[in-house]
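To keep things clear, I will list the structure first and then write my remarks on it.
The values are calculated or read from the model by the stated rules, or taken from the named source; none is laboratory data. For clarity, every value in this text was computed on a predicted model and none was experimentally measured. Note that we place each Cβ from the backbone using ideal geometry, even for glycine, and neighbour counts take in every protein chain shown. These area figures cover heavy atoms from the full protein model, side chains too; ligands, DNA and RNA do not enter into them. Shrake-Rupley method; radii C 1.70, N 1.55, O 1.52, S 1.80 Å.
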Amino acid sequence: VPPAALRPGAKKPPSAAPRNPHRRDFWVALALLGLLALAAGLWWRRALRPWVRALREDPQARLDALAVAAVGLAALAVRLWGLNDAGQTWDEDVYFGAGRNYWLNLLALDFRPDAWAWNLEHPPVTKYVVGLGTLWSESMAGPRTGSALLGGATAAVAYLFGRDAFSDRRVGLVAALLVGLLPSLVAHG
């Protein structure tokens, strides 16, 4: 709750005026994420070696990798189909504006507190995903595609959780299909 809502006489803290994004901002942000993923892979390469070895040698590991990819792509396809048909949803404007401003501040190396005062009510992880899409285009298609990718990845992870929790690939498949196809999860993703 912002301080102004608790104290009627209080004024909202000033915030920096956002600048307009350019297409290069998207590519710079994507390159930063790629470098971060590469650094994480190098950092955890010892932990990743058994997985890579298992993919080469174990047919069951390849089957799991195929199932993860298939479930993730199916969930992504369901989310991308009719992406903009529902129109604007409840809090997309908030995520759109806050996510874009978070990325623009990060790319400008602007870490002043007033520059980051955009929608402090929610955790920023989803805003960074949505914000990356806003750097691509001013329409809702870019941010919604980022959310769809996150939903597809969630369905893929649900397969792994279900498989590991019950030592049964069928349970993993049912869990992934529920997460990937349940209308409420598709709509709220």
Rg/Rg_ref, the chain, where Rg_ref = 2.2 N^0.38 Å and atoms are Cα: 1.23
Average Cα contact separation per residue, the chain, under 8 Å, 6 or more apart, as relative contact order %: 25 percent
Estimated FRET transfer efficiency when R0 is 35 angstrom, pair residue 46-residue 121 (beta carbons, to 0.05): 0.30
Per residue value of the accessible surface for the chain (all protein chains in place, 1.4 Å probe), Å²: 66 Å²
Estimated FRET transfer efficiency when R0 is 35 angstrom, pair residue 154-residue 28 (beta carbons, to 0.05): 0.85
